[in-house]
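These notes concern the structure reproduced below.
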Amino acid sequence: MAKKKNLDATLKRGLEELGKAGVSPDGESAAQVRALKNQFGIGRERDLAVIYSLGKIVDRAAVDALDKIDRETGDKAYKKEIKRALFRLSQRGLDVGRESAGHQAAPAVLFTQEPEIEGYMSAVDGAGGRLIWLAKTQPGHGLQVIQAMLHDRDGLLRIGGAHMRRKEMRNIFHELQQQHSMRMIAIPWEFADWAIYEGYEKAQARGQSGLDKFHELRSIVGSEKPKTQTHPIYRKIDGGEVREGPWREQSRRLLDEPELRYWVLTDDWMQQFLTQIQEAQTSRLVLNPLQKEERMNAIVREAVRTLCSGEHGRAFKRRMEDMALYFAETQRSEAAKLSLAVALQVGEGDPGPLDVSFLTGLVQKSFAVLLSQEKAKEEEDPSSLIVKP
């Protein structure tokens with residue numbers, strides 16, 4: 001009875017998540033099946049709700065979708081829900097097949113089935129770092145967990161492993177949220193694994209130390225290099241629609257989101273523009289306020305273009321995709337769409353001819369913070385009192 005109540009609660013939460021994602025649990029068409037399939041793989045609660053909802057769609061496409069999930073999963077709870085869903089469809093006249101409907105025992109498995117694997121990710125912090133966890137169920141022994149810290153530019157900074165009970169992991173997540181305002185969202189484990197591996201290769205290329213046990217730790221999920229993954233945000237939001245309307249002007253609202261409030265660009269390439277800002281402020285040339293403002297704006301525009309170009313742009317695009325997913329999973333759909341719109345624009349390698357207010361605002365804020373830090377250093381350094389020629 002307790003297990004059934006827990007499952008009912010899980011389904012209820014999953015159905016609520018589907019509703020917030022704009023997907024109705026009811027429908028009678030193949031299009032509804034496609035919408036539900038796009039929601040599978042995001043999180044356990046939503047997965048169970050997808051399976052349950054497929055069992056309400058009297059369409060052959062629903063049976064095929066359930067069969068596919070059944071073949072690809074080893075999770076007992078998923079398989080039980082699939083069996084119930086197929087039985088409901090068979091009661092409503094669909095031919096689900098003897099094996100699919102559960103009337104024929106599945107062939108014995110020669111080896112133990114792959115335990116379930118879960119992925120989790122935090123928001124990106126002001127320096128460009130985010131936590132990514134992989135957790136694999138060990139029957140009778142709790143969870144085997146990989147904990148990784150990834151950085152936009154530098155890749156994998158730290159990685160560790162631990163055994164813990166699920167309750168312990170939940171307590172850690174709760175503590176992160178309460179003490180550090182850091183929430184962990186569920187993400188497809190394949191994407192998490194690929195992101196960690198990609199970060200490892202980037203760290204290796206720049207000579208990062210302390211990663212000797214990477215392959216040993218990762219062996220809990222696989223030994224081969226993972227396949228390249230499409231970012232899961234594109235399964236949740238249509239990238240073709242987010243750049244419709246006044247998204248450029250509205251994107252500045254992202255700076256008010258709690259997770260982005262302390263974002264500051266501290267990359268080395270910012271220094272050249274910081275020097276130009278300082279020179280513009282202390283120039284002996286007589287500039288009227290309008291000329292001075294235009295000179296400062298020109299420096300900001302050039303810094304924004306640099307942020308969008310080359311390796312800088314690729315790293316920042318991923319950062320904004322991660323935040324789009326984070327906002328989507330924390331029920332902030334407008335912020336998610338704006339983040340994805342910015343990511344797609346940055347991905348083009350150029351901000352475009354019109355201002356992207358979020359990028360402009362972020363660069364301006366970063367300059368203000370860095371100039372303030374420079375001024376504080378000068379005030380602390382006695383040699384700064386020497387008058388410069």
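The values are calculated or read from the model by the stated rules, or taken from the named source; none is laboratory data. Remember, predicted model here, so these are calculated numbers, not experimental data. Cβ placement follows ideal geometry from the backbone for every residue including glycine, while neighbour counts extend to all protein chains displayed.
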Of the conditions (1) closer than 21 Å to D47 by Cα; (2) assigned to a loop (DSSP other than H, G, I, E, B); (3) among the charged types (D, E, K, R), the single one that K225 does not satisfy is (1)
For W194, the lone unmet condition from (1) in contact (Cβ under 8 Å) with a residue 40 or more places away in the chain; (2) surrounded by 13 or more Cβ atoms within 10 Å (Cβ to Cβ) is (1)
Subset of the range 180-196, residues farther than 11 Å from A135 by Cα, modelled with pLDDT of 90 or more, out of contact with any helix residue (DSSP H, G or I) (no Cβ under 7 Å at 6 or more places or on another chain) and not aliphatic (A, V, I, L, M), comes to E190, W194
(message) Based on this model, can you work out whether G93 counts as modelled with pLDDT under 80 and at positive phi?
(response) yes
